[in-house]
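Every read-out reported here was derived from the displayed coordinates using simple, explicitly stated rules and does not represent laboratory data. Predicted model only: the values in this text are computed from it and were never measured. With ideal geometry, Cβ positions are generated from the backbone for all residues, glycine too; neighbour counts draw on all protein chains shown.
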Amino acid sequence: MTVDCGSAKSADCLGIFNHDLFTGGCTVEVRGSTDNFAASDVLVHSYTPSANTPFIRDFTAVSYRYWRLRITGSSAPTLTIVAIGAGLEFPVRLPYGFDPLSRKAFGQMNISEEGLPLGKSTMFEQWAQQLNFQHVENTWLRATFLPAWKAHLRDKPFLFAFDLSNYAGEIYLVASDGDYKSPTSLPLRSNLQFSIKGIALP
């Protein structure tokens, strides 16, 4: 699959959500081009998944007008979401109290004619968290977070990972509730707070 961005756009990460690339023995290549892959065809990043869990892969930032995802394997895979673009890495870790495994079931409770519970038909489980990044630099808030918020985080879904080093497969498809707060906490620093919701991990 190939995308024409209209002009050169910088990217430094690949995210894929809900796929069976591992089952198909697939390798994924991110490629860039300046001329729609006529003569320019540059391999930017290559990855062979070891499971069918979501993944985010970082690579050195480069800019191209044309971007392509090339997949090779023993069988044709299925993909729900593929994203190539500029990732946003927060400068501080989430504090104690962040809960990556919480969930709330949504469904319909079945009851008997006598009002006895017979069980619940669960449609999905939701994961919701209020994120609190403490003492981030005000310059980062203005120069990095605010542009990303206006361009994407405010009103579009995005992939969220809290610890790619230790829990690489725990990636959520989420959306924000549309507002954030950044009260000052120290000189030239603030606490960034906003809420997100998405589907809980399998």
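Remark: the range 65-70, residue by residue, has Karplus-estimated 3J(HN,Hα) of 7, 10, 10, 9, 10, 10 Hz, where x stands for each Gly or Pro and the curve is 6.51 cos²θ - 1.76 cosθ + 1.60 at θ = phi - 60°.
The share of C-alpha pairs in the range 104-199 whose separation exceeds 17 Å stands at 64 percent.
Looking at the square roots a ≥ b ≥ c of the eigenvalues of the Cα gyration tensor of the range 2-85, which shape do they give, rounded for a/c under 1.5, prolate if a/b is larger than b/c, or oblate?
Prolate.
Gaussian network model of the chain, Cα springs within a sub-10 Å range: biggest mean-square fluctuation belongs to which of Gly87, Gly24, Gly15? Result: Gly24 has the largest fluctuation of those listed. Our coupling estimate for the range 91-104, obtained by passing each phi through the Karplus curve with A = 6.51, B = -1.76, C = 1.60 and θ = phi - 60°, is x, 10, 7, 5, x, 4, x, 5, 10, x, 10, 5, 6, 10 Hz, Gly and Pro reported as x. Cβ crowding within 10 Å ranks Trp140, Trp67 as Trp140, Trp67, fewest other Cβ atoms first. Here the chain is described by how far its Cα atoms reach on the three principal axes: 73, 55, 31 Å, from widest to narrowest.
Lysine pairs in the chain whose alpha-carbon atoms fall under 15 angstrom of each other, counting only those eight or more residues apart or on distinct chains, come to 4.
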